[in-house]
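Below is one structure, written out as structure tokens; comments come after it.
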Amino acid sequence: MTARRISGSGASLSFSFDGRPLQGRAGDTIASALLASGVRIVGRGFKYHRPRGIYGHWTEEPNALVDVTRDGRTTPNLRATTEWLTEGMIVRSVNAAPTAETDRSRYLDRFARFIPAGFYYKTFLWPDWHRFEPSIRAMAGLGRLDPDHEPPADAAPVNARCDILVVGAGPAGLAAALAASRAGRSVMLVDDRPEPGGSLLWNETEVDGVGGAEWAGAVARELRDRGQRVLPDTTAFGVFDHNLVALWERRHDQPDRQWRVRAKTVVVAAGSIERPLVFPDNDRPGVMSAEAALVYLKLHGVLVGERIVLAANNDRALAAAEPLRAAGAAVTVADLREGPVIDGVHGASGVEAVTISGRRMEADCLLVSGGFTPTVHLFCQAKGRLRYDDRIAAFVPGEPLPGMAVAGAANGAFSLQEALDQGHAAGGGNGVAPRAAASGAPLSIKPAWPRPGSKGRQWIDFQNDVTVKDVELAARENFRSVEHLKRYTTLGMATDQGKTSNMNGLAAMAAITGRTIEATGTTTYRPPFVPVPFTVIAGRRRGELFNPVRRLVLEAEHRAAGAVFREYGGWLRPAWYGPGSAFEATLREAKQARETVAIFDGSPLGKIEVMGPQATDLVDYNSYNTLSTLKPGRFRYGFMLTESGVVYDDGVTARIADDHYLVSCSSGHVPGVMARLEEWRQDRFDPAKIAIHNSTAGLATLTATGPRSRRLLEALALGVDLSDEALPHMAFADGVFDGATARIARVSFTGDRSYEITVPASKAPALFAAMVEAGRPLDAFPMGSEALLLLRAEKGFLIAGKDTDGTTMPHDLGVRGPRDRRAGEYVGKRSLFTDDAMRDDRQQLVGLSVEGETPLPTGAHAVDRIEGRRRSIGFVTSSYWSPTLGRPIALALIRRGLGRIGETIELVHLGRPLKASVTPPCALDPEGARLNA
Amino acid sequence: MPDLRQRTAPLDHAATLWSPRPDFASVTIERDGWAARSVTGLSQCLVSGNLAAARKAFAPDALEMGLWSIATSIPILVRIARDRALIVGHDTGVVPSGWRPEGFAASDATDLYAVVEIAGPAMRDIVAQATAADLDSGSPSATVVFAGLQALLYRVDEQAARIHVETSQATALWHWLEKLPG
């Protein structure tokens, strides 16, 4: 093939292909630059490594996939036909080594008969598929990923609305956009090429008295002047519910953009894609789409051959002969409507000759056209159904969809005037549609579908190396539906998604199974229409924007105090403070907390206000423990159950007034508890009599815990009587700090005397500073969450979700009172009396103690043996080294645990056997004397 | 005591992943066509139930704001749901939380929501990246998902948007704005 550049101008650009330095020019795609340089072999087939050349001109290209290096960064698997050439580009073929031309694996084609479609289901199974898998994958992959190429998160997603979104700026789309704009509607017009016009750019046409391309430019200008949005280089790649269309806008000096457009009407004017003819060795380099030859000539000044044979079954493709002759090629036309048949192509590395109906012709390029397939993808993604129009041998949109119109070639209207008329109507146009100079006749085509049972290897899917014989094989194996054909042979599953192969594949299957093409049908259309970079989909929400944690108001103060942060329940909180490892710091803090006084930021703990005349009823219903008997000024600890009786969360509830409660819960469960309270508020009670406010983020809570905690509170002088008579454990009182209400609550998660001070969040910095200052003579210090988790475990205090699992019910935790005695209804009550709930071998929360100094591994399973076989009877839920007790402690859920206190049990972890004794959960101060110490 | 130190610290990437919470009293962003600042000093009160009675009690002159409404003065009543609203800019001082006999509940929300203002000719482009809501059609409720966060969105001027987000999520919003290109 002697493709070469014959016309046009532009700045010269240097690039390389497979290590060979070449020249292109500004305005080239990589493909047009390769053709202009006479490069024939651009890649190797996926399985058989046969040489492949450029077939098409745009997104339908199946062969020319390349890895492109720009500015030292490589992007794999780009389509050479849709990538614009830039200076210094390094382009490499994929699936070939060392180059596409000299690929080492080309011998694979000799073994083709052993590697048909689906060979991997039947071969390489013994002794173990995994031994062969890496080599097979290495030989049958595409591009190579560059692990250093981490694109920035800078593709901004933009939301937009309009009356009409027109997809495609060819004649139909331009007519639609123009009509809609002149009718006063807001219009967005998108086209994946840089200039509007579509097929007007490479066909000799006239619209409204001027050349087609000129008319297209004028329409685009008018649209922009009227404030409409015209987006070039933009692909509409998916349609989603309610006319949401996703666009990928390519921009050159800025990051790409993803548009999410909600349009009242979507006009699909996406044109059509030329499909190849199927005949022996139709995959040779030099066999190209006839329309592609025209595009390369008109847009890039590249003539694809000197001696061209043009074989087509339709008049639209045959019309390419004249322009090619005018450009200087010798063109022999084979009009397949009149009976000739392509017997084959000669030349292993590229077309040298073509034999048609027994006559051999020397040629360096064979242009083929088997017809045009309307680009109906967006219509089908929106669940539109197709019908087969055998006059044009094409599937076209059937019943129209509300809010969507299809116009032009995408609708099977291949003549220019029809396209303009349909576009004009779809845009809701008044008056007369734009006039094409030539009236244009409908497509004249004689179907030339693949013939099963023919000899030779005839390619249907170039990218996945699928032949007619593979379709026959699928049918023999009883994979006869198009969906099974696709998955068994992988026809249509490559990065081109069958744009040039689906029709030929289903027509072949129709012929084999004796069905009509209509009855055979198409496979399901799904987004994206073309491969879209992950950067465009992911947008900017990466790194810390991906799933941001909630922040404490005191974060700066904690950082200044040397906090190391971790994520807890969706919040960023101090895990420990100061230097040293997690282990050292945690032990130090936990030890000191029981000796002096620790200051802990407990702000994330839920603070949900339930208010109103029916607040008591709701709070009682929501809780396992009765709360209506709680007196104002007091707290009660309890559980919230699911309707299955499982412990959802635990926490304290405070009664502030008869009609005002503050429900606390784990910081990570706040949205869940809010949702459940709200659900019952609306479903069971009178919403006009209850309000639920989540005040968690507006209030900060600082806890002082330890033997010196009361002295710290006294030093703060908040105006509250701190005697144990006035403020006993589980009571609260309101004081004042810096002019704001400071609620002081005696609640303890450490088991030591504790005070939780809650103030409006804006007062937190001053309160923290005051506590640090007041605490100096008391050896007060800031404490992190890790130490707190250790301290509570010493007391056997559970963490819901850590020391309980999806089956744990309140009586498994030793809390039986409400189940046994509470009369009223509450969430989950009836589930506590099922057979399963009443079993006597349920897992119960207990403590475990060990000999020696090594804590049990969290998650280690306790086991017993039944007839010599080991089975799990529970597992370790929390495990720490206790600095106060000087020994390891643990909590576990163990079957019949509460009945085994004192027994020794066996555990296993990663194959190692362990032993422990079962104890009550509380390992330290079971009488609770430290609460008031 | 045996050496029980962890060999690895897989959780501690958290320390380096999250950049610090800004000082909302002073931070601003100045860009081509838009600027952002944190609005401080606004009183806020969350009310649920009989909204007419709540307005009467706290801010009788308050104008009701829905999505994208323009508030030309304060106080305003920003509608959240059929029976919930945020009263902003009232001058009745800190509201003690609780149920009122007129049939509504009130909680002081001055520290519950952070308020960020984005202003300038390019404000609309920024907002178009943050929400898919149909702003021109508006909505009685000012609630939207803004940059992935639950928020209230209205304007104080043609080219100035106000966003209320929970204080604990204000940092996420601010980082989203800071990382906008341009």
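One Cα centroid belongs to segment A:242-318, the other to segment A:844-886; the line between them spans 66 Å. Helical runs (DSSP H, four residues minimum) scored at -39500 (n - 2.57) apiece and divided by the length of chain A put the mean residue ellipticity at 222 nm at -6000 deg cm²/dmol. Footprinting exposure proxy ranking of A:Met139, A:Met809, fewest other C-beta atoms within 10 angstrom first, gives A:Met139, A:Met809.
Listing A:Lys446, A:Lys469, A:Lys455 from the residue with the fewest other Cβ atoms within 10 Å to the one with the most, what is the order?
Sorted ascending by nearby Cβ count, the order is A:Lys455, A:Lys446, A:Lys469.
Equivalent ellipsoid of segment A:449-515: semi-axes from √(5λ) of the C-alpha gyration tensor, largest first, are 16, 13, 10 Å.
Spin-label model, A:Glu150 to A:Thr99: label points 7 Å out along the Cα-to-beta-carbon direction sit 3.6 nm apart.
Which entries in A:Lys607/A:Lys802; A:Lys607/B:Lys56; A:Lys264/B:Lys56; A:Lys264/A:Lys499; A:Lys298/A:Lys469; A:Lys264/B:Lys179 show an alpha-carbon gap greater than 30 Å? Table pairs above 30 Å Cα-Cα are A:Lys264/B:Lys56; A:Lys298/A:Lys469; A:Lys264/B:Lys179. Each residue of segment B:27-178 gets 100 Å³ once the volume of the Cα convex hull is shared out per residue. Dividing the radius of gyration of the alpha carbons in segment A:428-541 by their Kirkwood radius gives 1.14 for Rg/Rh.
Against the main long axis of the alpha-carbon atoms of chain A, helix A:785-794 sits at an angle near 50°.
Rounded to the nearest 10 degrees, the inclination of helix A:764-775 to the longest alpha-carbon principal axis of chain A is 40 degrees.
Here is the list for segment A:624-684: GluC sites (Glu not before Pro) lying in DSSP coil, each with at most 16 other C-beta atoms within 10 angstrom of its C-beta, are A:Glu643. Direction-averaged projected area, Cα convex hull, segment A:381-427: 3.4 nm², rounded to one decimal.
Among B:Leu149, B:Leu17, B:Leu112, the residue with the largest mean-square fluctuation in a Gaussian network model of chain B, with springs joining Cα atoms closer than 10 Å, is B:Leu17. Compute the angle between helix A:129-139 and the longest alpha-carbon principal axis of chain A, please, reported from 0 to 90 degrees and rounded to the nearest 10. On a 0 to 90 degree scale, this one is about 50.
Pairwise Cα distances in segment A:793-932 exceed 18 Å for 57 percent of all pairs. Charging the Cβ of each Asp and Glu at -1 and of each Lys and Arg at +1, and nothing else, the dipole of segment B:24-182 about its Cα centre rounds to 280 debye. Between the C-alpha center of segment A:751-813 and that of segment A:584-640 there is a gap of 10 Å.
For B:His164, A:His861, A:His558, which order do you get if you count the other beta carbons within 10 Å of each Cβ and list the fewest first?
Ordered by Cβ neighbours within 10 Å, fewest first: A:His861, A:His558, B:His164.
A simple rule links phi to the HN-Hα coupling: the Karplus curve 6.51 cos²θ - 1.76 cosθ + 1.60 with θ = phi - 60°, which for segment A:455-468 gives 8, x, 9, 10, 8, 9, 9, 5, 6, 9, 6, 10, 10, 4 Hz, with x for Gly and Pro.
The amide H of A:Val166, built 1.01 Å from its N in the peptide plane, has A:Met188, A:Leu189, A:Val190, A:Val267 as neighbours under 5 Å, considering only residues 5 or more places off or on other chains.
Between A:Leu473, A:Met503, A:Gly440, the Cα set farthest toward the positive side of the dipole of segment A:375-508 (charges on each charged residue's Cβ, about the Cα centre) is that of A:Leu473. Treating each Cα of the protein assembly as shown as one equal point scatterer and applying the Debye formula with no solvent, the log10 of I(q)/I(0) at q = 0.06, 0.07, 0.08 Å⁻¹ comes out as -0.66, -0.84, -0.99. Amide H to amide H distances under 5 Å link A:Met361 with A:Val354, A:Thr355, A:Ile356, where only residues 5 or more positions off or on other chains count and H is placed in the peptide plane.
Summary of the geometry: segment B:114-175 and segment A:146-211, compared by the centres of their Cα atoms, lie 30 Å apart.
Couplings 3J(HN,Hα) for segment B:109-126, derived from phi with the Karplus relation 6.51 cos²θ - 1.76 cosθ + 1.60 (θ = phi - 60°), are 10, 4, 9, 7, 10, 8, 10, 10, 10, 10, 9, x, x, 8, 4, 4, 5, 5 Hz, where x marks Gly and Pro. Just check segment A:616-685 against the gyration tensor rule for me: Cα atoms, a ≥ b ≥ c as the square roots of the eigenvalues, rounded for a/c under 1.5, and otherwise prolate or oblate depending on whether a/b exceeds b/c. Here segment A:616-685 falls in the prolate category.
Compute for segment A:279-384: radius of gyration divided by Kirkwood radius, i.e. Rg/Rh, restricted to C-alpha atoms, rounded to two decimals.
On the way: Rg = 14.8 Å, Rh = 14.4 Å.
So for segment A:279-384, dividing Rg by the Kirkwood Rh gives 1.03.
Note that segment A:502-518 has calculated 3J(HN,Hα) couplings of 4, 5, 4, x, 6, 5, 5, 5, 4, 5, 5, 8, x, 10, 6, 5, 4 Hz, one per residue in order, obtained from phi through the Karplus relation 6.51 cos²θ - 1.76 cosθ + 1.60 (θ = phi - 60°); glycine and proline are x.
All of the numbers you see were taken from the coordinates with simple rules; none came from a lab. Note that the coordinates shown come from a computational prediction; the quantities given were computed from them, not determined experimentally. Ideal geometry is used to build each Cβ from the backbone, glycine not excepted, and the neighbour counts take in all protein chains shown.
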